[in-house]
1. Could you check how many residues of the range 43-74 are among the hydrophobic types (A, V, I, L, M, F, W, C) and over 15 Å from Thr12 (Cβ atoms)?
2. Scanning the range 54-68 for residues that are touching a Leu at 6+ places or on another chain (Cβ under 7 Å) and loosely packed, with under 15 Cβ neighbours inside 10 Å, which turns out nearest to Gly23 (Cα to Cα)?
3. Say we look at the range 13-52 and pick out the residues that are surrounded by 15 or more Cβ atoms within 10 Å (Cβ to Cβ) and of a type in the set (S, T, N, Q); which of these is farthest from Phe79 (Cα to Cα)?
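Read the figures in this text as sums done on the coordinates, not as results from a lab. Just so you know, these numbers come straight off a predicted model, no measurement behind them. Reconstructed Cβ throughout: ideal geometry from the backbone, glycine too, with neighbour counts over all protein chains shown.
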Amino acid sequence: MADLRKQFRVETSAMAEIIPSFGPPIPCRLIDLSLDGARINVISVFGIPDDFAVKFIATGETLSARVVWRRPNQIGLTFV
């Protein structure tokens with residue numbers, strides 16, 4: 001399978017939060033991160049919208065994101 005990523009991703013295990021447009025933040029863990037996207041671990045993808053913000057706990061930085069793919073406990077996203 002070809003790797004279609006435009007940017008190199010760095011492995012990490014940093015904590016983050018999904019910030020939906022409504023409802024409480026959803027905790028998640030970053031698996032890998034690049035300038036234009038990330039892969040995150042979640043307890044379940046059920047109820048997570050296609051568009052949301054991601055808040056990086058360590059820095060407090062928040063970026064808008066869009067889901068590119070979903071697996072039972074992982075989400076691939078691009079920053080928008």
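1. Of the residues in the range 43-74, 10 are among the hydrophobic types (A, V, I, L, M, F, W, C) and over 15 Å from Thr12 (Cβ atoms).
2. In this case the residue turns out to be Arg66.
3. Restricting to residues being surrounded by 15 or more Cβ atoms within 10 Å (Cβ to Cβ) and of a type in the set (S, T, N, Q), the top hit is Asn41.
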